[in-house]
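Scroll down for the structure; my scribbles are underneath it.
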Ligand SMILES: Cc1ncc(COP(=O)(O)O)c(C=O)c1O
């Protein structure tokens with residue numbers, strides 16, 4: 001890549017953590033008494049807080065008191081930290097295939113595997129709500145946990161995701177919508193189960209003040225590397241070489257911790273008017289939908305009765321060859337993209353006992369490309385991305401679905 005292209009490289013993810021976030025973190029590292037009020041006002045419920053989505057899932061699973069080793073259904077097309085949290089809770093992941101038209105769990109496959117499951121996790125992937133009516137109907141009596149790490153403010157038949165099941169969790173890690181560093185909220189309506197979740201979370205460790213301050217500084221530095229011009233010059237080349245080794249994007253690691261006051265303050269400060277940022281991201285998504293040459297590749301859409309938050313914009317190609325060619329083309333034209341979950345089948349096979357029975361999910365992992373549409377991009381960036389995709393489609397000779 002030429003130096004000028006490096007300087008202008010559009011990052012694949014949004015790490016929205018600048019000076020004001022850092023200043024707020026520093027102020028709140030010394031103030032443990034602040035009580036979040038905006039989150040409760042927005043959701044109409046008081047969450048149980050933890051430091052991460054994975055810790056929240058662990059707390060929910062522990063509180064369900066399932067027999068040791070019991071099987072928990074989880075889409076294969078999902079972040080592997082979720083599989084790890086299931087194992088950390090002493091349970092066993094059982095992989096469920098995906099739909100092809102949307103990246104969520106296939107109720108058909110869930111139904112086929114239902115008899116051996118003690119619980120199931122419904123992941124609202126890319127902010128697209130699962131068909132929760134169907135999920136709950138297939139689940140029958142077993143607990144359903146909504147993974148809302150990517151679906152804050154998405155709605156299903158008028159109801160927000162996270163309030164459609166037994167219990168749910170959200171993630172506020174950098175790179176997610178709210179990008180507060182870390183942090184997670186658990187919601188659960190049943191008082192008895194909620195009390196059990198609180199009891200589990202009470203055993204979690206607290207953040208020390210130095211830990212919070214160091215974390216804020218590191219998060220700030222990493223976020224700076226996720227912005228132009230540093231992204232193309234440093235963030236991208238370092239990330240490509242060292243992400244796995246240094247776990248820069250936290251794809252590994254498990255710690256049962258309470259939420260840090262630094263993260264909580266930022267979540268609470270941002271959530272009140274966050275919808276306006278989501279609206280901007282939705283507009284970006286619609287610009288892409290209206291500009292990309294139709295009929296050539298699979299484009300995302302809102303399903304009937306659903307209102308997605310458009311956390312991610314996933315292009316689906318006919319083959320891995322086309323997907324990879326487009327990723328290369330966009331990179332050469334100053335746009336970084338993500339081959340999300342590209343290695344998930346191999347990872348699940350090696351570490352979590354996956355037996356190869358999720359063909360749709362495997363296909364998705366090799367044919368999906370996430371292109372940036374986040375709210376901090378300018379309209380001219382989005383227009384450039386859309387036109388470059390169109391030019392790329394001609395150049396790579398994409399053949400259509
Ligand atoms: C779908 C999904 N579930 C769960 C998680 C875990 O959230 P956290 O990183 O806060 O542990 C993530 C993100 O890493 C995710 O993308």
In a Gaussian network model over the chain where Cα atoms closer than 10 Å are linked, find which of 195, 55, 115 has the largest mean-square fluctuation. 115
Most mobile of 240, 121, 385 in a GNM of the chain (Cα contacts under 10 Å): 240
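As a check on your grasp of the helix formula, calculate [θ] at 222 nm for the chain: sum -39500 (n - 2.57) over DSSP H runs of n ≥ 4, divide by the residue count, round to the nearest 500.
Value at 222 nm, helices only, nearest 500: -13000 deg cm²/dmol.
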For Cα pairs less than 8 Å apart in space and 6+ apart in sequence, what is the mean separation divided by the residue count of region 274-395, i.e. the relative contact order in percent? 38
For the chain, averaging the sequence separation of alpha carbon pairs under 8 Å that lie six or more residues apart and dividing by its residue count, the contact order in percent is 26
Sort out for me the Cα centre separation of region 126-188 from region 286-340, rounded to whole Å. 23
Expected max-MSF residue from 63, 33, 301 in the GNM of the chain (alpha carbon, under 10 Å) is 33
How far apart, in nm, are two points set 7 Å out from the Cα along the Cα-to-Cβ line at residue 301 and at residue 5? 3.4
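Please report the antiparallel percentage of the DSSP beta bridges confined to the chain, to the nearest 5.
50
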For region 24-116, shape from the Cα gyration tensor axes a ≥ b ≥ c, cut at a/c of 1.5 then a/b versus b/c, turns out prolate
Could you tell me which of rounded, prolate or oblate describes the chain, using a ≥ b ≥ c as the square roots of the eigenvalues of the alpha-carbon gyration tensor, with rounded for a/c under 1.5 and, failing that, prolate when a/b is larger than b/c and oblate otherwise? oblate
Starting from the Cα gyration tensor of region 259-401, take the square roots of the eigenvalues, sort them a ≥ b ≥ c, and report rounded, prolate or oblate (rounded when a/c is under 1.5, otherwise prolate if a/b is larger than b/c, else oblate). oblate
At 7 Å along Cα-to-Cβ for each site, give me the label-to-label distance between residue 350 and residue 101 in nm. 3.6
Distance from region 13-83 to region 356-401 (C-alpha centre basis), Å: 29
Which ordering of 341, 233, 242 is given by a fewest-first count of other beta-carbon atoms within 10 Å? 242, 233, 341
Restricting to bridges with both residues inside region 30-202, how much of the DSSP beta-bridge set is antiparallel, in percent to the nearest 5? 40
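Where a number appears in this text, it was derived from the coordinates with a stated rule and is not lab data. Here the structure is a predicted model, which is why all the values come from computation and not from measurement. When we count neighbours, we look across all protein chains shown, and the Cβ atoms used for this are built from the backbone with ideal geometry, even at glycine.
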